[in-house]
Protein chains: 4
Amino acid sequence: MNELRMAVVGVGRMGLTHAENLHSRIRGAQLLAVSTSSAVRADEARRRCGAVSVYDSLDGLLEAETLDAVVIASSTSAHVANVEDCAAAGLHILCEKPLGLSLEDCDRAAEGARAAGVTLMVGHTRRFDSGYIEAKRVIDSGGIGTPVLYRSLSGDMNPPSVAFADLGVSGGLILDSMYHDIYLGRWLLGDEVVRVYGEGGALIDESIATVGDVDNAVVSVRFAGGAMGSLTASRTTRYGHDLRGEVIGDEGAVQIGRLRRTPLRVLDRNGAHHDAVHTTPERMGDAFVTMLQTFVDCVIDGTEPPVTSADARATLAVALAGRRSIQTGLPVEVETTMTSGSPTGDPYKS
Amino acid sequence: MNELRMAVVGVGRMGLTHAENLHSRIRGAQLLAVSTSSAVRADEARRRCGAVSVYDSLDGLLEAETLDAVVIASSTSAHVANVEDCAAAGLHILCEKPLGLSLEDCDRAAEGARAAGVTLMVGHTRRFDSGYIEAKRVIDSGGIGTPVLYRSLSGDMNPPSVAFADLGVSGGLILDSMYHDIYLGRWLLGDEVVRVYGEGGALIDESIATVGDVDNAVVSVRFAGGAMGSLTASRTTRYGHDLRGEVIGDEGAVQIGRLRRTPLRVLDRNGAHHDAVHTTPERMGDAFVTMLQTFVDCVIDGTEPPVTSADARATLAVALAGRRSIQTGLPVEVETTMTSGSPTGDPYKS
Amino acid sequence: MNELRMAVVGVGRMGLTHAENLHSRIRGAQLLAVSTSSAVRADEARRRCGAVSVYDSLDGLLEAETLDAVVIASSTSAHVANVEDCAAAGLHILCEKPLGLSLEDCDRAAEGARAAGVTLMVGHTRRFDSGYIEAKRVIDSGGIGTPVLYRSLSGDMNPPSVAFADLGVSGGLILDSMYHDIYLGRWLLGDEVVRVYGEGGALIDESIATVGDVDNAVVSVRFAGGAMGSLTASRTTRYGHDLRGEVIGDEGAVQIGRLRRTPLRVLDRNGAHHDAVHTTPERMGDAFVTMLQTFVDCVIDGTEPPVTSADARATLAVALAGRRSIQTGLPVEVETTMTSGSPTGDPYKS
Amino acid sequence: MNELRMAVVGVGRMGLTHAENLHSRIRGAQLLAVSTSSAVRADEARRRCGAVSVYDSLDGLLEAETLDAVVIASSTSAHVANVEDCAAAGLHILCEKPLGLSLEDCDRAAEGARAAGVTLMVGHTRRFDSGYIEAKRVIDSGGIGTPVLYRSLSGDMNPPSVAFADLGVSGGLILDSMYHDIYLGRWLLGDEVVRVYGEGGALIDESIATVGDVDNAVVSVRFAGGAMGSLTASRTTRYGHDLRGEVIGDEGAVQIGRLRRTPLRVLDRNGAHHDAVHTTPERMGDAFVTMLQTFVDCVIDGTEPPVTSADARATLAVALAGRRSIQTGLPVEVETTMTSGSPTGDPYKS
């Protein structure tokens, strides 16, 4: 296989980023088509991605195009069906996170890919940021000794629409945003979360409570090996899109984060000032490229992708447990050994 | 009253700092005497505090000297008895934190001071750091909107001796160290903690587990007004004495911290490097002076001190609840309305 | 004109960057061809720029291709002849800096473009960095009052080859590297340099002295309006590719710079550490794209480019004066009013 | 000699700082008296320095008190006469910088101390800042290789009174402020300045020009060993009291500076903000204590002080040369071997 013929399913904010990157910055792949039900987005995709074909449904796209692989960036609630359809069509798949809204959905998606013999990688983007990559290298090389504490923050400047926040659409704050903090912690520590406890509330945006979601949350996690963590997610960090991670070991620590957007500092009678990152592409732009390139390389080389559906399932299990703990006010145990085909007696399924 | 005649009870690390500051940096007070049962510390006090009288017991000191006020910096387990004795002698009191190891002890100490009509202030030192003072001013002026998240970290470079860690001596990690994170959060947010959940373990220093203590802990807190917090305490931040606080509101945030010791940055083929604060005086030296000066000014002016025994009691209640949650694995509710004169039963149910 | 048909002349380090950006990241342009005399570079260009045609000479390229515009990234000593040839062929030109090694060369290049009626923009890349753009905006909006001091540093990690350092090839440290500090200062302050004084030496790399160059230099500049500046260039900042600029006004200041490469901080018993930028693309990658896009947009829209040959000439005049001052040990006056069409005698008297 | 009996001559801003430090923070010395012709300052000294005796003249003080040592903090123009009088009285002397306004004055002061056999140390305060001390240690240990560049900035927030700026009183910007940058450079590099070139102007405060002074200046320096430097002094850094130093070697670099006052960062919709140091005590408070303690220790131990009159003379020689260069517009050579008793053919004496 020389150059992957690819399409992007769904060209909202994330999908369009993937489409543009495929169009111009990825070696070994060419973007042939996108699908979207929105005429506005169709135009935007045509404007920014060269001579791309645009379809108003995934069915239409699959019928008309000869493809090798797809990026699925549709609404989370549509992920599983899209994965099953694309897998059935024999296409390798990079699917945005979370893979599904329930563990059963994750299992269906994973089973679909396995049955079809296609690669299924999940979009754990932040793992491909140079800061996290280097932090992982330092930790694995013993640079901080044994990890004992993990602290993480994901801050968005403004709450999303109520329609998006809906637990049945995006999964809400924990499944959509804190999800990143969970997979990063699991990956950086090389360990699984066994217990969570969460506090959360719709403190600022009361409308979000009408669909069961919260706008700020703190979740404690306990890892199997004993390490502890504290994850914070906020949809009201008005000062910027603040993504931070930190692992403290018994010999040192790593801190990942970059709030500053431009390399400028202004000084005046009030002191020193600098600007802040406002959007995900400003902070994670390169990680999108690295992730997409990694997927393309894995498919071409026939190697296992660095993020599997099992990773996605384990992360979702913790996120679901955290959401339930917030809802119940009680700590929730997370199963660590997950037989993805037959989850039995899940204490945390919603 | 022109100049307070003062003594320091106990001249361990903290007590000696107070004695030196009283000797040389505080206006309106003079250090007349200290008490210590250690001959080594007696010599050290004489060497560093001029013509100070040294007694081997508080009784001896109280009998021989004519005083207006004392600083109590003895072992935490001795605080209450010391406070009662000094109050009975009619002396105004600045007592190191925590005031006692139980709420009953706090109440006894507070009652002793009230009965004697003397001022009792508790050593919540970090509140007097310029960073926290300025953060409080910004928050109170509306600079960050409504506080919704509080994040805090207290990191010591090395575990203390097992004898000190003993829950019956210092109270352990939560009562001795995370105590600071609790009173800072209550003060900065102007709100009381109503629920806590803690994870903790003796991950690095197993010997500390023999006296029931932990070396790393994460405690979630929920405030009465809805805000959430995450407090982290570590005795193994080998890279430095890392004290950090952060309050995020719906219009902005404040971050307090200073890890860097000297104003030097070194650059070499490995990048850029700077040193770290290793000890409390390196980080909080000025706060000790400000706190002591505040106490002296309050006594001279006859005004209420900014930290009362009620503050100390409310902080201890949260700390005890956090410690219990770690021990039981369950969330613990904290009573918010505390009538310090008549505590009935447990202020927090588990 | 819908989409510019473009070529890149010379695909060394800079030329290849331009070619790749044209190939993949610039709207409104397509890369058709490159020229290089190096077989190795020809292969590299084919590998990284898709189906690009490669010629072993500019003549061959101009003969075979139908083009609208070119990027000239050949050796500085070849710039003028290349500009003249491309202008004669009716092509719009973006030429790498410096435009030439003498003011006479600059004038020839400018005259060639003017005679042919084509756009000639010069590659003052750093002006297109977000930090400098934002600094300029702050200064122009009055945010720092009247600029009085300009401080700048350009540090490369290692000296170039002796062949490159040759004053007759690259122009040496002042024309090749400090050139950036000069045009940035002129632009940020909106003022011309009228006097320079330089100190320089081959302190570390003695071989570079054999071709008349220096590896470290400090040049003082005086602006017509009275402001003062100090420019530093070094080829031995082993710790990183350190590009910094600063303008201090009578109401505030701006500081531009970013030494950190990844958003990671590592903490250990020696303190806190972060990495450093090592290469120009790591620091200025986005500026290359912005500059190229600006050129393409100007040509398509028929507007004046933001960097003209007059800018390039005025910058070169200061650089030449600085080099001469280092050579003579005396201050050198720089002519401020330059009629680029009729330069009479030396623009700066010593 | 057990405890030095000391006095402070002149209790302006600096003198009062020294008096307070002697009163309360210096081991091995006691403050007995101060002299000042100002009734207001006399009251201030009494208020802040305990039971100190206050005299309205140095003569009166020397007549009435039995002393071992003095700190001279009078106006610079009075330094030499004060040093001669105190030396004649057999007192060890710590004199504020600069020691005099001319090299002849320096020589008179040095000769007076030598003849009387008393210690004469000069107040090069910044050398005692922890940042500079650590930088010196790193440089001397080979941590940055061979120093090649020295960059320094001294910024005051506001111009002084015209009366103070007078070249015949304080010596003006170069002798009063850039003086620090000169001795720091000489000390950090362990090398002498052999040539200077300066640009300066009264750009903001025109009144200062009436007494021959400037408010902003840039001075290039060349060291005997080849290294180059650029020193900047400003009296209009409105954003803060900005003191920075940097030495770049062929293996690394050190950067010294701290603009931030409190350990607080505020984040809002405009980005991230922190305050700035406004005064010398905020930045250099500890250095005053360290310097004074060093002087007291040297006198008690009978050891050579780390800053001698020869250091002061060599620094002044560079400062005078820099001032002359600004006045003449020409580079000025500085004699490196200075026989302080007989400077002959000084190219830079004023």
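Read the figures in this text as sums done on the coordinates, not as results from a lab. Being a predicted model, the structure only gives us computed values, none of them experimental. We place every Cβ from the backbone using ideal geometry, glycine too, and count neighbours over all the protein chains shown.
Can you pull the three principal axis extents for the Cα set of segment A:1-77, in Å, largest first?
32, 24, 24
Using label points projected 7 Å from each Cα along Cα→Cβ, tell me how many nm separate C:ARG13 and D:ARG46, to one decimal.
In this crude spin-label approximation the distance works out to 7.1 nm.
Amide H neighbours of B:LEU243 under 5 Å, counting only residues 5+ apart in sequence or on other chains, H built in-plane at 1.01 Å?
Hits under the 5 Å cutoff: B:GLY155, B:ARG258.
Would you calculate the separation in nanometres between label points at D:ASN270 and A:THR303, each defined as 7 Å from the Cα along the Cα-to-beta-carbon direction?
Between D:ASN270 and A:THR303, the label points sit 4.9 nm apart.
Where the label is 7 Å out from Cα toward Cβ, how close does C:GLU111 come to the same position in every other copy, in nm, shortest first?
Ordered by distance, the counterparts are at 6.7, 8.2, 10.3 nm.
As an exercise, identify the GluC sites (Glu not before Pro) in segment B:1-101 lying in DSSP coil whose Cβ has no more than 16 other Cβ atoms within 10 Å.
Those satisfying the criteria are B:GLU3.
So how many Å³ per residue does the convex hull of the Cα atoms of segment D:74-146 work out to?
117 Å³
Take every residue in peptide D:149-161, count the Cβ atoms of other chains within 10 Å of its Cβ, and give the average of those counts. Please list the in-between numbers first.
Numbers: counts 11, 2, 6, 0, 5, 0, 3, 0, 1, 0, 0, 0, 0.
Average neighbour count from other chains, rounded to a whole number: 2.
Summing -39500 (n - 2.57) over the DSSP H runs of n ≥ 4 in chain A and dividing by its residue number, what mean residue ellipticity at 222 nm do you reach, to the nearest 500 deg cm²/dmol?
-11000 deg cm²/dmol
So if I take the alpha carbon set of segment D:192-350, get Rg, then get Rh from the Kirkwood formula, what is the Rg over Rh ratio?
Ratio of gyration radius to Kirkwood radius: 1.03.
Which Cβ of chain A lies nearest the axis of the rotation superposing A onto C, and at what whole-Å distance?
Spelled out as residue then distance in Å, it is A:SER24, 2.
How large is Rg/Rh for segment C:11-153, to two decimals, with Cα atoms and a Kirkwood Rh?
1.04
Put a label point 7 Å from Cα along the Cβ direction on D:THR146, then list its distances to the equivalent points in the other copies in nm, shortest first.
4.4, 4.9, 6.6
Equivalent-ellipsoid semi-axes (√(5λ), Cα gyration tensor) for the protein assembly as shown, whole Å, largest first?
Details: eigenvalues 613, 516, 98 Å².
Sorted largest first and rounded, they come to 55, 51, 22 Å.
What does the average come to when, for each residue of peptide B:219-227, you count the partner chain Cβ atoms lying within 10 Å of its Cβ?
That works out to 3 on average.
Roughly what % antiparallel, to the nearest 5, for the DSSP beta bridges in chain D?
Looking only at bridges with both residues in chain D, the antiparallel portion is about 55 percent.
In units of 2.2 N^0.38 Å, what is the alpha-carbon radius of gyration of segment A:44-116?
Relative to the rule-of-thumb radius for its length, segment A:44-116 sits at 1.14.
Put the label 7 Å from Cα along Cα→Cβ for B:ASN158; what are its distances to the other copies, in nanometres, shortest first?
Nearest to farthest, the other copies are at 4.2, 4.9, 5.3 nm.
Per residue of segment C:229-234, what does 6.51 cos²θ - 1.76 cosθ + 1.60 with θ = phi - 60° give for ³J(HN,Hα)? Whole Hz please, x for Gly and Pro, Karplus curve as stated.
x, 9, 10, 10, 10, 9
Take peptide D:241-249, look around each residue's Cβ out to 10 angstrom, count Cβ atoms belonging to other protein chains, and average those counts.
Neighbouring Cβ atoms belonging to other protein chains average 3 per residue here.
Provide the FRET efficiency to the nearest 0.05 for the A:ASP56-A:SER161 pair, computing r from the beta carbons and using R0 = 25 Å.
Rounded to the nearest 0.05, the efficiency is 0.65.
How compact is chain C by the rule of thumb for globular proteins, expressed as Cα Rg over 2.2 N^0.38 Å?
0.98
For B:VAL8, enumerate residues with amide H under 5 Å from its amide H, sequence gap 5+ or separate chain, H modeled in the peptide plane.
Long-range HN contacts for B:VAL8: B:ALA33, B:VAL34, B:SER35, B:VAL71.
Given a cut-off of 28 Å, name the pairs among A:LYS136/D:LYS136; D:LYS97/D:LYS136; C:LYS136/D:LYS136; A:LYS97/A:LYS136 whose C-alpha atoms lie farther apart than that in the structure shown.
Among A:LYS136/D:LYS136; D:LYS97/D:LYS136; C:LYS136/D:LYS136; A:LYS97/A:LYS136, the Cα-Cα distance tops 28 Å for A:LYS136/D:LYS136; C:LYS136/D:LYS136.
Can you check what the net charge comes to around A:GLY15, using other residues whose Cβ is under 15 Å from the Cβ of A:GLY15 (Lys, Arg +1; Asp, Glu -1)?
Around A:GLY15, the surrounding residues sum to +1.
Averaging over every viewing direction, what projected area does the convex hull of the Cα atoms of segment D:152-254 cover, in nm²?
If you wrap the Cα atoms of segment D:152-254 in a convex hull and average its projections, you get 6.7 nm².
So what does log10 I(q)/I(0) come out to for segment C:213-298 at q = 0.12, 0.17 Å⁻¹, using the Debye formula with one equal point on every Cα and no solvent?
Normalising to I(0) and taking log10 leaves -0.60, -1.03.
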